[in-house]
Amino acid sequence: MNENPSGERKMQCSDESKCFELLESILDGELQDSGKEVLKEKLAKCQPCFEHYHLEQAIRDVLKTKCTKHAVPNELADKIRQQIQDIK
Amino acid sequence: MSEVQRRKYSQEEKNAIFDGEFMPHIDSMYNFGYRLTFDEDDAKDLVQDTYLKAYRFINSFEQGTNAKAWLFRILKNSFINEYRKKSKQPTKVDYQEVETYYNSDDVHYQSTSDLRAESVKDMLGDEISNALNSLAVDFRTVIILCDLEGFTYEEMAKILDIPIGTVRSRLHRARNLLKEKLQGYAQNMGYNTDEEE
Ligand SMILES: [Zn+2]
C-alpha cells in the first residue's frame with residue numbers, strides 16, 4: 001500500500017467530503033469492483049485521502065481484531081434448549 | 001423479515017432451523033446483548049428472550065435468508081421495547097433524542113482529528129473496548145453491527161428499521177466520536193498524534 005511516498009501527492013483534497021464518504025463506503029465493503037480503481041487513484045494522488053483511508057482502516061482493524069469478546073456462559077445454550085423443549 | 005407466514009414448518013424442520021441456523025449465532029448475540037446492557041444477567045435474559053421469540057415466530061423466518069440479521073433484529077427490538085422500559089436508569093441519550101438532535105442524514109465528511117493510524121494500531125483491546133462502550137447506544141450499535149459483526153449497510157438498515165442513508169451517516173458520526181475518544185487516550189498515553197514519525 002505504501003509504495004508511493006507522499007512526494008507526488010497533492011496536499012489539499014479537492015473535495016474532502018465526497019472523497020471521504022467514498023473511501024468510508026469502500027472500507028465498509030459497499031462498493032466492490034467499481035470502487036477499487038477510484039481508490040487506487042485517490043490514494044496515489046491525494047495526501048488527505050491517503051491519510052484518512054489508513055486511519056479509517058486502522059480503526060476498523062482494531063475494532064475487528066482487538067475488541068474484547070465475552071465468553072458465552074456455558075449454561076446459556078442448554079437453558080435455551082430446555083425452555084424450547086418445554087414449549088414444544 | 002416479513003411477518004407474513006409463508007407456510008408452516010414441520011416439527012422436524014423447526015428443529016433443524018433452530019439448531020442449524022439460529023443456535024450457531026449465540027456467541028454474537030450474547031456479545032451484542034452484553035455491549036448494549038453492560039450486564040451479564042441482562043445480556044443472558046435478552047438472548048434467551050430472543051431465542052424464545054425466534055422459536056415462537058419461526059414460521060415467519062424464511063429458510064435460506066440471513067438468520068443472523070433476523071435474530072439481531074429481534075434482540076434489538078427486545079432491548080428497546082422491553083429492557084429499556086423496565087430498566088430503572090434510562091440511558092442518557094436514547095434513539096429519539098439522537099434522531100432529533102442529528103435530524104439530518106446530510107453529513108459533511110471531513111477530517112476531524114489528528115489521530116494517526118500508527119497510534120490506533122498500538123492501542124490495547126481494553127482501550128478500544130472502553131472507547132466503544134463510552135458511546136451513546138445508537139452510535140455503539142452501528143459500530144458493533146458493522147465492524148464487529150460484519151453486517152452490510154442493507155442488513156443494518158433492516159435490523160435497525162432505518163433507511164440506508166441514515167445507517168451511513170450514523171456510522172460516520174459514530175466513528176468520528178470514537179476517534180475523539182481514541183485521540184484522548186492517545187494523548188494521555190503520549191502517543192504521537194500530530195507529527196510525522
Ligand atoms: Zn482527496
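Read-outs throughout are calculated quantities, based only on the coordinates presented, and are distinct from any laboratory measurement. Just so it is clear, the model here is predicted, and its values are computed rather than measured. Quick reminder, even Gly has a Cβ in these numbers, built from the backbone with ideal geometry, and neighbours come from all protein chains shown.
Across peptide A:51-61, the average count of Cβ atoms from other chains found within 10 Å of a residue's Cβ is 6.
Inter-label distance, B:Arg7 to A:Gln47: 6.4 nm, where each label sits 7 Å from its Cα along the C-beta direction. Amide H contacts under 5 Å for A:Cys46: A:Lys10, restricted to partners 5 or more places along the chain or on a different chain, H placed in the peptide plane at 1.01 Å from N.
Counting only other chain Cβ atoms within 10 Å of each residue's Cβ, the peptide B:159-167 averages 0. Using C-alpha pairs below 8 Å separated by at least 6 residues, the relative contact order for chain A is 31 percent. Helix A:33-45 axis versus longest C-alpha principal axis of chain A: approximately 50°, rounded to the nearest ten.
Per-residue ellipticity at 222 nm computed for chain A from its helices equals -22000 deg cm²/dmol, with DSSP H segments shorter than 4 residues left out and the rest contributing -39,500 (n - 2.57). The residues B:Leu171, A:Leu39, B:Leu182, when put in order of fewest to most other Cβ atoms within 10 Å, stand as A:Leu39, B:Leu171, B:Leu182. Restricting attention to region B:11-86, lysine pairs at least eight places apart or on different chains and with alpha-carbon atoms under 19 angstrom apart total 14. Partner lysines whose Cα lies under 26 Å from the Cα of A:Lys42, excluding those fewer than 8 positions away in the same chain, are identified as A:Lys10, A:Lys18, A:Lys64, B:Lys121, B:Lys179.
Peptide B:42-51 has a mean of 3 when you count, residue by residue, the C-beta atoms of other protein chains within 10 Å of its C-beta.
Note on B:Asp27 and B:Asp114: with the Förster distance fixed at 30 Å, the Cβ-Cβ geometry gives a FRET efficiency of about 0.25. Along region B:147-163 the Karplus relation, 6.51 cos²θ - 1.76 cosθ + 1.60 evaluated at θ = phi - 60°, assigns HN-Hα couplings of 8, 7, 9, x, 6, 7, 4, 5, 5, 5, 4, 6, 4, 9, 6, 9, x Hz to successive residues, with x for each Gly and Pro. Where does the Debye-calculated log10 I(q)/I(0) of region A:16-87 sit at q = 0.14, 0.16 Å⁻¹, using only Cα point scatterers of equal weight, no solvent? Ignoring solvent entirely, the Cα scatterers give -0.57, -0.63. Residue by residue, region A:69-84 carries 3J(HN,Hα) couplings of 9, 9, 6, 5, x, 3, 7, 4, 4, 5, 4, 4, 4, 4, 5, 5 Hz when phi is fed to the Karplus relation 6.51 cos²θ - 1.76 cosθ + 1.60 (θ = phi - 60°); x denotes Gly or Pro.
Projected label points at B:Asn130 and A:Lys40, each 7 Å from Cα along the beta carbon direction, are separated by 4.3 nanometres. Axis angle, to the nearest 10 degrees, between helix A:47-66 and the longest C-alpha principal axis of chain A: 20 degrees.
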